[in-house]
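To start, the structure itself, in structure tokens.
Every number in this text was worked out from the coordinates using simple rules, so none of it is lab data. Everything numeric in this text was worked out from a predicted model, so none of it was measured.
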Amino acid sequence: MSCTCNDNNESIFMPQVAEILDAQMITSTEKHFKLKLQNGERFDYEPGQIVEAGIFGYGEVPLGLASSPTNGDSFELVVRVMGKVTKAMASLEKGDTMTIRGPLGNGFPVDEFKGQDVLIVAGGIGLCPVRSMIEYILHHRDDFGKFTLFFGAKTPSDLLFEEDLEAWRCDSCMQYMDTVDTPDSAWKGNVGVITTLFEHTKEITAETRVIICGPPIMYKFVISELDKMGVSRANIYVDLERRMKCGVGKCGHCQINDKYVCMDGPVFRYSDIETLEEAI
């Protein structure tokens, strides 16, 4: 994994200004931004890393990068509108700016995944930080084995990135399945928690590399299913981005025993943290 670093700045405490190239509400509570650095430099990062995104006078929030670093000079973020900072961000539109500090944290161990079958299990807004790895795999498809993606949401209206989902359903290079807890009258897909999708695939083996990101309750049930399939916990990676605050190990908000999620994560090998109190 990479260390917390920032090649674009002398200090990880110094924000850069990013211009918004596009801004769209993709659900009733999530807004999707496409950005580029205002100074014209490329924003280099690894799949799974985060940034601190902010607005002067309001503050910052930690956000997982929702696009692959192979996308060129632009990068993407998704904001869930919940508090003062994110409500202010939701008012931003194309041509406006926000501050970006990072990239921060350790991302997914891409080299360890190469040549291996990969399963990504995403719940709700957990799809956003793993989208960086999804896009990376699809952009380097020959470097990986079989690729399976599970995505679960509360309702059909909570499914993120509708255009992506439609493309993934039709993509012969991956197996994509989704499910909702509560369907509407138009929903024709699977109904139930995300673990119900495991019974519909035979692509997962003991050697499959797995990434999990979603609500806390989801993790233990997904890991239980993987245990049944004989997947080693050393091959399971969890994204704990939701615990992060300052991003640089100063506030202590993300501390779990002797680990700081922002410095040691947010991506962890599950076998390294399964004994930690309240890690998941």
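The table below lists the values:
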quantity	calculated
Fluctuation leader among Asp239, Asp178, Asp44 - the chain, Gaussian network, Cα springs under 10 angstrom	Asp44
Between region 220-280 and region 110-143, the Cα center-to-center distance that results, in Å	17 Å
Shape call, region 16-104: gyration tensor on alpha carbons, a/c limit 1.5	rounded
Segment Ser232-Asp258, length gained on full extension (0.36 nm per residue, minus Cα span)	7.0 nm
Of Lys34/Lys84; Lys31/Lys154; Lys154/Lys259; Lys31/Lys94; Lys114/Lys220, pairs whose Cα-Cα distance is over 24 Å	Lys154/Lys259; Lys114/Lys220
Average Cα contact separation per residue, region 147-280, under 8 Å, 6 or more apart, as relative contact order %	17 percent
GNM flexibility winner over the chain from Ile256, Ile137, Ile194 (Cα, springs under 10 Å)	Ile256
Long-range amide H partners of Ile55 with built H, under 5 Å	Thr99
Mean ellipticity per residue at 222 nm, deg cm²/dmol - from DSSP H runs of n ≥ 4 across the chain, formula -39500 (n - 2.57)	-5000 deg cm²/dmol
Selected from Thr182, Thr208, Thr70 as most flexible by GNM, with the chain as the system and alpha-carbon contacts under 10 Å	Thr182
